[in-house]
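The values are calculated or read from the model by the stated rules, or taken from the named source; none is laboratory data. Quick caveat: nothing in here was measured; it's all calculated off a predicted structure. Virtual Cβ from ideal backbone geometry, glycine too; neighbours counted across all protein chains shown. Note: areas computed on protein heavy atoms with side chains; ligands, DNA, RNA excluded. Shrake-Rupley method; radii C 1.70, N 1.55, O 1.52, S 1.80 Å.
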2 protein chains.
Amino acid sequence: MLKEERFRVILSQLGQDQKVHLAELSYVLKVSEDTVRRDIKELADQGLLKSVRGGAVPHSPGPHNFKDRVEYGSEQKQIIAGKALSFLKDGQVAIFDGGTSAMLIAQALPKDIHLTVVTNSFPIASILEEHEKVEVLFAGGRLLKNSFVTIGNETIQYFRKFRADICFSGICSIHTDFGVTGPDYEESEVKRAMVESSREIIALSTMEKLGTAEAYYVCPTNQLTTIITDQPDNLDAFEIYKSMGIKMV
Amino acid sequence: MLKEERFRVILSQLGQDQKVHLAELSYVLKVSEDTVRRDIKELADQGLLKSVRGGAVPHSPGPHNFKDRVEYGSEQKQIIAGKALSFLKDGQVAIFDGGTSAMLIAQALPKDIHLTVVTNSFPIASILEEHEKVEVLFAGGRLLKNSFVTIGNETIQYFRKFRADICFSGICSIHTDFGVTGPDYEESEVKRAMVESSREIIALSTMEKLGTAEAYYVCPTNQLTTIITDQPDNLDAFEIYKSMGIKMV
DNA sequence: ATCAATATTGCAAAATATTGCAATTAATAT
DNA sequence: ATATTAATTGCAATATTTTGCAATATTGAT
């Protein structure tokens with residue numbers, strides 16, 4: 001079998017599956033894993049795919065295909081994203097935080113809405129780059145490896161310059177006494193800056209995060225305007241937050 | 001069997017199968033593999049197929065094959081990238097601008113070097129995100145569609161906060177009288193901020209950009225420390241810039 | 001820290017290419 | 001026709017590339 005044939009198989013398989021494993025290919029192509037590895041390396045050098053540990057993944061032209069990174073967001077998060085969209089109005093200035101929930105909103109965003117989006121998330125900025133009518137303002141700062149968001153004082157200062165209409169803040173723990181809290185110090189600091197720079201705060205949370213608390217404080221619960229959850233039919237929590245003037249959706 | 005006849009068979013077989021093997025053809029055509037090889041070479045010279053080890057595959061159609069583009073651009077710029085790397089020392093703070101040249105440097109960067117990189121380019125930040133020992137500081141600002149870099153006042157202010165060791169600035173026009181100039185107002189402004197925030201300035205340019213000028217001013221020529229070109233053997237230019245105290249590589 | 005999975009490297013064997021050369025065939029001029 | 005030249009072909013000797021293996025290093029997850 002020609003090397004070129006193997007290339008074709010690898011690329012075609014990759015087109016279907018978004019991933020290929022060395023062992024699989026080695027079996028299918030009837031060559032050693034070493035050879036597959038070398039093939040993958042060669043294809044990677046040509047920019048046709050990206051070599052990763054144990055196999056390869058597609059590599060589309062742009063800077064990075066963050067869209068692939070969005071693991072088929074859980075069904076619940078899709079629901080949340082759908083609901084969130086109804087809060088966005090044409091012409092608004094919106095802050096998007098770096099979580100996967102906010103990313104799903106960005107992905108679900110219709111192409112024809114006119115917005116100014118402020119974010120510290122590479123994936124979100126990349127997604128919105130394709131939206132003609134969306135102006136993207138990106139918060140600088142130290143790039144956090146693996147999650148592709150910027151953090152640190154610079155990032156915070158950037159957000160503080162805004163008075164946005166609306167802010168989508170991803171999964172945090174929400175507790176009536178302890179307020180909104182997060183598991184990471186620096187990210188929580190950034191989140192606070194976002195929240196304090198916006199008029200309306202839409203918290204995106206799953207039901208199980210309600211009533212729990214983490215180590216780092218973000219803001220008081222009553223600062224939230226709305227809480228969007230996957231199942232707003234949990235009446236206990238529903239009533240509690242509603243009585244605080246928070247809209248539950 | 002006539003040579004032309006063999007050609008016809010080879011091409012026809014290739015049309016059906018997307019591939020041909022030397023051994024097969026040798027058997028079918030009843031000539032030695034050497035002859036088949038020579039046939040293939042001749043057909044390849046005419047651009048009718050692509051000769052590969054062990055046989056041939058159809059010639060990839062279209063002048064703008066993605067793969068070709070990658071390799072093509074690389075050719076000269078790869079040389080520049082290689083040279084640029086020798087200027088980077090462990091532990092330095094480096095500014096990378098948003099051009100493709102700087103991107104190639106990032107791509108060619110060894111994984112084990114310890115650096116702090118300041119950039120306004122998504123692609124570069126993405127590439128370096130995979131480098132364990134590289135801290136990426138990203139300049140915020142307005143995201144420029146299509147080129148994935150941030151620009152504007154925020155971006156400029158961000159760079160002004162640094163005093164970097166070295167700055168890699170992509171292809172600009174360089175003229176002894178008019179200085180360094182660029183084709184876009186905002187990008188040139190950002191470039192100036194980068195240049196003024198760095199001790200050492202490495203300009204990455206192709207030979208044809210030397211001695212030309214564009215509309216927007218970046219900095220005086222003598223502010224450059226080094227000019228890296230693809231062919232530093234153009235002695236005329238070489239001497240001129242060298243006499244200004246600029247290192248030509 | 002530890003372990004298993006994966007990657008890298010060097011190396012030798014196998015596959016494939018290249019080259020020079022001689023034999024054959026086709027082409028052309030006389 | 002025939003001699004001369006040029007092109008084609010197969011073969012053998014010599015490079016070059018590819019491949020799988022084994023030893024070693026690296027990585028990722030726990």
Which residue is modelled with the lowest pLDDT, if the candidates are limited to the stretch B:221-237 and must be open to solvent by less than 40 Å² (accessible area, probe 1.4 Å) and in a helix (DSSP H, G or I)?
B:ALA237
Strands (runs of 3 or more DSSP E) (entirely within the stretch B:167-219) containing at least 3 residues that are open to solvent by less than 50 Å² (accessible area, probe 1.4 Å) and either at pLDDT 90 or above or more than 21 Å from B:GLY141 (Cα to Cα) (or both):
B:173-175, B:179-182, B:198-204
Of all residues in the stretch B:134-151, which are within 22 Å of the chain's Cα centre (by Cα) and at pLDDT below 95?
B:VAL134, B:VAL136, B:LEU144, B:LYS145, B:ASN146, B:SER147, B:PHE148, B:VAL149
Sort out which residues of the stretch A:1-16 are within 13 Å of chain B (Cβ to nearest Cβ), open to solvent by 30 Å² or more (accessible area, probe 1.4 Å) and either more than 9 Å from DNA strand D (Cβ to nearest atom) or of a type in the set (Phe, Trp, Tyr) (or both), and write them in order of number.
A:GLU4, A:ARG8, A:VAL9, A:LEU11, A:SER12
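Of all residues in the stretch A:148-159, how many are more than 8 Å from every other protein chain (Cβ to nearest Cβ) and surrounded by 21 or more Cβ atoms within 10 Å (Cβ to Cβ)?
Residues in the stretch A:148-159 being more than 8 Å from every other protein chain (Cβ to nearest Cβ) and surrounded by 21 or more Cβ atoms within 10 Å (Cβ to Cβ): 4 in total.
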Of the listed residues (B:LYS19, B:LYS89), the one being modelled with pLDDT of 85 or more and open to solvent by less than 80 Å² (accessible area, probe 1.4 Å) is B:LYS19
Any residue at all in the stretch B:26-44 that is open to solvent by less than 60 Å² (accessible area, probe 1.4 Å), away from DNA strand C (no atom under 11 Å from the Cβ), modelled with pLDDT of 85 or more and within 14 Å of another protein chain (Cβ to nearest Cβ)?
no
If I filter the stretch A:52-75 down to residues being modelled with pLDDT of 65 or more and within 11 Å of another protein chain (Cβ to nearest Cβ), which single residue comes out as nearest to DNA strand D (Cβ to nearest atom)?
A:VAL52
Given the conditions (1) buried (at least 18 other Cβ atoms within 10 Å of the Cβ); (2) modelled with pLDDT of 90 or more; (3) more than 30 Å from B:LEU128 (Cα to Cα); (4) out of contact with any Gly (no Cβ under 9 Å at 6 or more places or on another chain), report the number of the one that A:PHE162 does not fulfil.
(3)
Any idea how many residues of the stretch A:128-147 are buried (at least 24 other Cβ atoms within 10 Å of the Cβ) and not in a strand (DSSP E or B)?
2
Test result for A:VAL20, away from DNA strand D (no atom under 14 Å from the Cβ), over 18 Å from B:SER126 (Cβ atoms) and not hydroxyl-bearing (Ser, Thr, Tyr):
yes
Test set (1) assigned to a helix (DSSP H, G or I); (2) within 20 Å of the chain's Cα centre (by Cα); (3) free of Cβ contacts under 8 Å to residues at least 40 places away in the same chain - B:GLU154 fails condition number:
(2)
Subset of the stretch B:112-131 [touching a Lys or Arg at 6+ places or on another chain (Cβ under 7 Å) and at the interface with chain A (Cβ under 8 Å from one of its Cβ atoms)]
B:GLU129
